[in-house]
Amino acid sequence: MTTIEATALTKVYREATTDVVAVRDASLATAAGEIVAVMGPSGSGKTTLLSMLGCILRPTTGTVTIDGQRVWDSDERDLPRLRRRYVGFIFQSFNLFPALTAAENVEVVLNLKGLDGRAARREAGRLLERVGLAPRLDFRPRDLSGGEKQRVSIARALAGDPPLILADEPTANLDASNGEQVMRLLREAAAQGRSVVIVTHDHRVAPWVDRTVLLEDGRLVA
Amino acid sequence: MSVDIARKNLFHDRTRFLITVVGVTFSVVLIFAQVGIYLGFIENASIIIDNTDAEIWITSKSSANFDFPLAFDERRLAKVKEVPGVADADYLILTWLSMRLADGGSEAVELIGFNPHTGVGGPWQLVEGSVQALKAGHGLIVDESAFPKLGALRVGDLVEVDETRLRVVGISRGVRGFTTAPYVFTSLRTAREVDPRFRDRTVFIVARVVPGHDPSQVAERLRALPYLDVHTRDEYSLKTRLYWTLQTGLGVGFALTALMAVVVGTVVVAQTIYTATIEHLREFGTLKAIGATNRMVYGIIVEQAVINAVVGYAAGLLITLLAVHSSSLTGVVMVVRPPVMLAVFIVAVAMCLGAAVISVRKALQVDPVMVFRA
């Protein structure tokens with residue numbers, strides 16, 4: 001079953017008097033349980049593609065359908081709800097809230113999805129336990145290693161059980177061991193029926209993904 | 001309950017929080033001080049009017065305020081008493097004189113001559129002596145608030161007012177005037193002896209109305225009398241307060257300082273909230289990316305502004321109340337009552353919310369795409 005289907009996505013930025021095409025006519029579909037890696041050099045349009053898939057950046061033309069819902073037909077004000085419902089994000093720089101503990105960082109997403117109080121706290125604990133951070137629930141990001149931060153980030157992305165995980169360079173700031181641990185967790189997430197799209201330069205992810213597509217000058221070439 | 005990002009972020013950076021709260025506290029204390037001292041001054045300005053058991057005050061035409069009245073013919077009293085609704089009326093004299101001090105110096109005083117048989121216009125609280133003792137003549141009641149100027153007088157002491165020797169027969173409490181000259185009280189008869197200009201003249205006629213009659217209606221009837229101004233107690237109190245507030249620049253001075261306090265507070269709070277917002281822009285971007293709405297984002301900044309306001313206000317109120325407590329020792333009267341507290345609280349919250357406006361705009365402009373930049 002297809003989780004996300006992007007059809008003929010094009011994004012054109014206007015810079016001064018020139019139109020710059022960041023992504024051109026890109027089509028991509030992923031099935032539930034599948035991990036797809038989008039690889040390409042810097043400036044090839046990977047982040048732009050990821051932003052359009054994640055309901056953050058409106059494409060100039062083309063459509064994105066997640067779980068049967070045509071995302072870009074929605075009103076701009078409805079996009080936060082779609083992101084809450086369908087997408088879990090993992091960022092290269094983790095983007096954890098420094099003032100919150102590991103558990104609270106996960107709880108924030110659960111709160112946004114309508115789960116509050118003890119139930120949210122319990123669920124955050126369960127998710128962090130799943131990524132091997134049960135002893136670190138009350139640690140703040142500054143007290144966690146890079147690998148641990150990324151695992152909190154994965155737990156956060158899994159919060160609320162979204163069908164799609166979008167990961168931006170999830171292993172870029174990690175050593176081999178931590179990178180492998182992160183990919184194993186993403187593999188587990190996919191095994192539970194989610195689609196995972198990874199944007200990366202890192203060839204170490206190759207053994208963990210089902211499919212790799214190449215983005216060059218805004219075009220998907222393989 | 002949800003994770004309170006606003007509170008967590010605010011308390012996470014304690015130094016910044018402290019700076020913001022100090023800014024709000026400074027502002028709140030300054031506003032309280034300005035408003036409190038102004039109210040203290042202005043309540044003192046009409047303290048005799050407000051505490052005199054007479055609903056109607058009659059003065060000469062164009063008598064601007066209580067402390068600088070003009071005298072008029074005392075024969076008007078009979079006409080006043082004839083007006084329906086007037087139960088009784090008395091003369092009341094106020095004159096500026098000089099009192100010789102024990103150290104040989106002298107001090108200006110405002111001598112009030114009143115009818116000791118009715119007590120109308122006299123002191124309302126005595127800590128020593130009695131009003132009745134004034135009936136014997138050549139007696140004087142001094143307020144304890146005047147001791148720093150007149151010396152620590154006791155009942156039985158002899159003093160000299162405009163070369164007339166008077167004996168202190170009472171010590172009053174709570175009669176602190178607006179001007180630098182303390183109020184001292186004597187009988188009407190003695191006042192006329194000390195200052196013969198008032199032998200057949202009076203400064204005020206103070207009238208009580210028959211119970212059940214409306215003082216405003218009785219005052220309206222009295223306004224038919226020529227060459228006099230007639231006020232109800234509240235009207236005359238307000239007239240006196242407005243005179244000092246508007247005619248002397250006192251009100252403008254206090255208002256400008258209070259306004260400066262609001263401006264300084266707003267700038268301090270705006271700077272710290274704005275810096276904090278800029279530093280947390282990436283977090284706001286992340287929040288938006290994971291599904292927070294704009295409303296949730298500005299809710300965080302608004303909550304932080306309100307917390308700053310509440311904590312800063314509480315600290316400011318505490319300092320103010322301590323100042324009010326000690327103000328009785330310094331001689332400065334600060335009036336801080338619940339309505340003033342509420343008003344300053346509203347100003348503090350409005351100030352912090354106003355200061356947060358730029359930050360809210362900045363946070364709302366954050367493009368969640370920024371979260372993908374390393």
Per the filter on the stretch A:138-151, residues in contact (Cβ under 8 Å) with a residue 12 or more places away in the chain and either over 15 Å from A:F97 (Cβ atoms) or of a type outside the set (A, V, I, L, M, F, W, C) (or both) are A:D138, A:R140, A:P141, A:R142, A:S145, A:G146, A:G147, A:E148, A:K149, A:Q150, A:R151
By residue number, the members of the stretch B:130-153 that are under 14 Å from B:G119 (Cα atoms) and of a type in the set (K, R) are B:K135
Selection over the stretch B:71-118 where residues are within 26 Å of B:G170 (Cβ to Cβ), in a strand (DSSP E or B) and touching a Lys or Arg at 6+ places or on another chain (Cβ under 6 Å) yields a count of 4
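This table checks each residue for (1) among the β-branched types (V, I, T); (2) in contact with a helix residue (DSSP H, G or I) (Cβ under 8 Å, 6 or more places away or on another chain); (3) within 25 Å of B:D73 (Cα to Cα).
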position: B:R100; (1), (2), (3): no, no, no
position: B:E107; (1), (2), (3): no, yes, no
position: B:L111; (1), (2), (3): no, yes, yes
position: B:I141; (1), (2), (3): yes, yes, no
position: B:K149; (1), (2), (3): no, no, no
position: B:L153; (1), (2), (3): no, yes, no
Restricting the stretch B:277-297 to residues that are more than 9 Å from chain A (Cβ to nearest Cβ) and touching a Ser or Thr at 6+ places or on another chain (Cβ under 9 Å), the one nearest to A:P98 (Cα to Cα) turns out to be B:F284
Scanning the stretch B:105-124 for residues that are more than 15 Å from B:G177 (Cα to Cα) and touching a residue at least 24 places away in the same chain (Cβ under 8 Å), the one nearest to the chain's Cα centre (by Cα) turns out to be B:V120
Of the listed residues (A:A191, A:A176, A:A172, A:A155), the one being within 12 Å of chain B (Cβ to nearest Cβ) and among the small types (G, A, S) is A:A172
Exactly one of B:D229, B:D234 is of a type outside the set (S, T, N, Q), part of a helix (DSSP H, G or I) and not assigned by TED's automatic domain parsing to the domain that holds B:F17, and that residue is B:D234
If you check B:G170 against the conditions, is it buried (at least 19 other Cβ atoms within 10 Å of the Cβ), touching a helix residue (DSSP H, G or I) at 6+ places or on another chain (Cβ under 8 Å) and over 28 Å from B:A87 (Cβ atoms)? no
Checking B:L322, B:L246, B:L329 in turn, the sole residue that is modelled with pLDDT under 85 and of a type outside the set (S, T, N, Q) turns out to be B:L329
**Request:** Examine the stretch B:41-57 for a residue that is in contact with a strand residue (DSSP E or B) (Cβ under 8 Å, 6 or more places away or on another chain), of a type in the set (F, W, Y) and away from chain A (no Cβ under 14 Å), and state whether such a residue exists.
**Result:** yes
message: Based on this model, can you work out whether B:V311 counts as within 21 Å of B:A348 (Cα to Cα) and away from chain A (no Cβ under 14 Å)?
response: yes
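The values are calculated or read from the model by the stated rules, or taken from the named source; none is laboratory data. The model shown is predicted, which means the values in this text are computed figures rather than measured ones. Please note: Cβ atoms are built from the backbone with ideal geometry, for glycine as well, and neighbour counts cover all protein chains shown.
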